């Protein structure tokens, strides 16, 4: 091999080594990328939080519509009497006769719901008696206008995150 060929090979090796040394990221470049990713995350994360809260509100609205229709169905099948949801959810979650007593008969009505509903905004399941015009004193999931001994309108309202104020649909 000639001297010229050896020099060319040696020069090629030196260039390759230089390229390899200069191809790594510097600390400053890595920090800039991390900062940019942090800024993007700070912009995007609140949007997901808002979407999550909107989904819970939409879920509550849908749940209230279902509850209202099931209360009306109960009322139609039980001699125009409201279910006493203030005491417990049994009238809607168990089979009942036309007088509202628990029944295992084949002609019994219900159950109108498979499980006790919970408010997606506050996780509560309890019901307080009220007409929905004001907040209640005890934390609950729903406010039901049961009235005195079932004389109310049968309207049901959800509560906000605090469990006391009426959720505005």
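Read-outs throughout are calculated quantities, based only on the coordinates presented, and are distinct from any laboratory measurement. Just so it is clear, the model here is predicted, and its values are computed rather than measured. All Cβ positions, glycine included, derive from the backbone under ideal geometry; neighbour counts span all protein chains shown.
The angle separating the long axis of helix 3-22 from the principal Cα axis of greatest extent in the chain is about 30 degrees. Using the Cβ-Cβ distance between residue 26 and residue 48 with R0 = 45 Å, the FRET efficiency computed as 1/(1 + (r/R0)^6) comes to roughly 0.85.
The Cα center of segment 138-169 and the Cα center of segment 18-92 differ in position by 23 Å.
Evaluate the chain: find the radius of gyration of its Cα atoms, find its Kirkwood radius, and give the ratio Rg to Rh. Intermediate results must be reported in sequence, preceding the final value.
Numbers: Rg = 33.2 Å, Rh = 20.9 Å.
My calculation of the ratio gives 1.59.
If the Kirkwood radius is taken over C-alpha pairs of segment 16-106, then at 10 °C and 1.306 mPa s the Stokes-Einstein diffusion coefficient equals 84 µm²/s. Computed from the Cβ-Cβ distance with R0 of 25 Å, the FRET efficiency linking residue 160 to residue 80 stands at 0.20. Compared with the dominant principal axis of the Cα atoms in the chain, helix 27-77 is inclined by about 20°.
With distances taken between every two different alpha-carbon atoms, segment 119-169 has a Kirkwood hydrodynamic radius of 10.5 Å.
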